[in-house]
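Novice: Input: one structure, supplied below.
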Amino acid sequence: MNISSYQHFYINNEWQAPSGHAEFSVINPATERIIATVPKGENADIDRAVAAAREAFDKGPWPRMSAAERAQCMKELSAALQADLPALAALITQEMGSPMSFSLPGQAYASTMVLDYYAQLAQSYPFEEQRAGLQKPLLVRGLPVGVVAAITPWNVPLFTLMLKLAPALAAGCTLVLKPSPETPLSTYALIEAVAKTSIPPGVINLVPADRDVGEYLVSHPGVDKVSFTGSTVAGRKIGGICGQQLKRCTLELGGKSAAIILDDANLDKVVPELLPAAIMNSGQACIAQTRILAPRQRYTEIVETFSAAFSSLKVGDPMQQDTHIGPLFSQHHRERVESYINLGQQEGASVVTGGGRPRHLERGWYIEPTLFADVDNNMRIAQEEIFGPVVVMIPYDSDADAARIANDSDYGLSGSVWGEDTERGLDIARQVRTGTYTVNGLSLDFNGPFGGFKQSGLGRELGPEGLQAYLETQCIALQS
């Protein structure tokens, strides 16, 4: 898949010229060089895209097709994307720096798996259900919510988009896609695949835009629902706009997940599984297990074991399969992560491993995988989402204390517990206020709902719950 610059938006199944002349530059974070440009959307472009989606929903065939017919179109899209998954993964690596060892399974293949899951679910989902009423039989219907604004981040650009696109398509919705301006190329690749399918005009529309134009899209009267993945700060603003307009919204926001290592844990088994969960995508993942809670009586042993594991991680060219840590996605973001490393030291935590820029890499926005010890959960490095390869080790005194520390966070997105006694782990899992949790491992199962408590967001993606988020419920009382 060749890297290409683009001059048009995709609206109503046509490549349409932008209203203005401004462009976004896409920079490879490993080389710091511009690799492509795409047009920058303006309000007028959003108006055209929303109008196309509105027309397709109000008058077009898509919401009126059978679920099986929509599923067939989704299968066509999946097949088009799967034609060259390694190239799609490489494209994402070059636009945002994700190591290929993560890009192929976690960015490219996982996206088509989500699409396949909802294509299958659409064919069996009970969009209409009869139930007994007090006086008359009832027909309960799930109807598509309407026009959806799908706003996605830079870190997992295609996968987070598919969490919105796939269930929305299955439900019969139409969409306007606004990817992050830093990583629009994978969305353009998706659109090129869409153009090879029989998906009708106006169902999927693409306009890359900045934050101000994105806000215009959120508040647009032609949009019925907003689905957003990104920062908690932006999520609050989007939620406020949707609340004022009584507009449906799904918000998948930040995380500061805690991995609890129990006192009976076998580190030979735990470290190889927990380490990737802590630094996945170079730490640029909302579900990354960035707080590791260790029993105080084994704290020194666990810190030393993880320190050795951190030191063995290969930092370098993300296109190489044996690279564990690639560059951060932008220069500004690296500076932000470095500011947190400095802050942690000022707060009294100790850098056990890493903390600087790799000396062997002259170019690229790299940072060493960094492990902090002597961390108190009240420190900002333990409370705030750093979004880089920075992990903090926090001691605890008992199972109850571990659950308390895990819950002592503004976030509640993910988490895990590690030990030999599964029932004990399950008991702890039941105490932690977080949307997804794993006993001995980290998994994101497409059959189950994904989302967060507290400031980690509103609503759920994946599973049947992810489809329900794109449906309105209608109840019809029938003559008996």
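Novice: When Pro295 is evaluated against the numbered criteria (1) under 30 Å from Met379 (Cα atoms); (2) crowded, with 24+ Cβ neighbours inside 10 Å, which criterion, by number, is the only one it fails?
Specialist: Condition (2) is where Pro295 drops out.
Novice: So for the stretch 440-459 (the condition being at pLDDT 95 or above, touching a helix residue (DSSP H, G or I) at 6+ places or on another chain (Cβ under 6 Å), surrounded by 15 or more Cβ atoms within 10 Å (Cβ to Cβ) and not in a loop (DSSP other than H, G, I, E, B)), does at least one residue qualify?
Specialist: no
Novice: So, one more: Among the residues of the stretch 240-253, is any farther than 30 Å from Asp421 by Cβ, modelled with pLDDT of 95 or more and touching a Lys or Arg at 6+ places or on another chain (Cβ under 6 Å)?
Specialist: Yes - at least one qualifying residue is present in the stretch 240-253.
Novice: Hey, can you tell me all the residues within the stretch 408-420 that are within 17 Å of Ala294 (Cβ to Cβ) and surrounded by fewer than 23 Cβ atoms within 10 Å (Cβ to Cβ)?
Specialist: Asp408, Gly419, Glu420
Novice: Where in the stretch 29-117 are the helices (runs of 4 or more DSSP H), entirely inside, with at least 1 residues that are touching a helix residue (DSSP H, G or I) at 6+ places or on another chain (Cβ under 6 Å) and free of Cβ contacts under 8 Å to residues at least 60 places away in the same chain?
Specialist: Counting at least 1 such residues, we get 67-82, 85-96.
Novice: With the structure loaded, tell me whether Leu478 is out of contact with any helix residue (DSSP H, G or I) (no Cβ under 8 Å at 6 or more places or on another chain), farther than 30 Å from Arg131 by Cα and exposed (fewer than 15 other Cβ atoms within 10 Å of the Cβ) or whether it fails that test.
Specialist: No: the conditions fail for Leu478.
Novice: Right, here's the next one. Is at least one residue of the stretch 194-212 within 19 Å of Thr229 (Cα to Cα), small (Gly, Ala, Ser) and either out of contact with any Leu (no Cβ under 8 Å at 6 or more places or on another chain) or surrounded by 20 or more Cβ atoms within 10 Å (Cβ to Cβ) (or both)?
Specialist: Among the residues of the stretch 194-212, at least one is within 19 Å of Thr229 (Cα to Cα), small (Gly, Ala, Ser) and either out of contact with any Leu (no Cβ under 8 Å at 6 or more places or on another chain) or surrounded by 20 or more Cβ atoms within 10 Å (Cβ to Cβ) (or both), which makes the answer yes.
Novice: Kindly provide the set of residues from the stretch 441-467 that are among the polar types (S, T, N, Q) and farther than 16 Å from Ala406 by Cα, ordered by number.
Specialist: Within the stretch 441-467, Ser443, Asn447 qualify.
Novice: Can I ask one more? Could you look through the stretch 3-22, keep only residues that are of a type outside the set (Gly, Ala, Ser) and under 25 Å from the mean Cα position of the chain (by Cα), and pick out the one that is surrounded by the most Cβ atoms within 10 Å (Cβ to Cβ)?
Specialist: The residue in question is Phe9.
The values are calculated or read from the model by the stated rules, or taken from the named source; none is laboratory data. Quantities reported herein were computed from a predicted structural model and do not represent experimental measurements. Methodologically, a virtual Cβ is constructed for each residue, glycine included, from the backbone with ideal geometry; neighbour enumeration extends over all protein chains shown.
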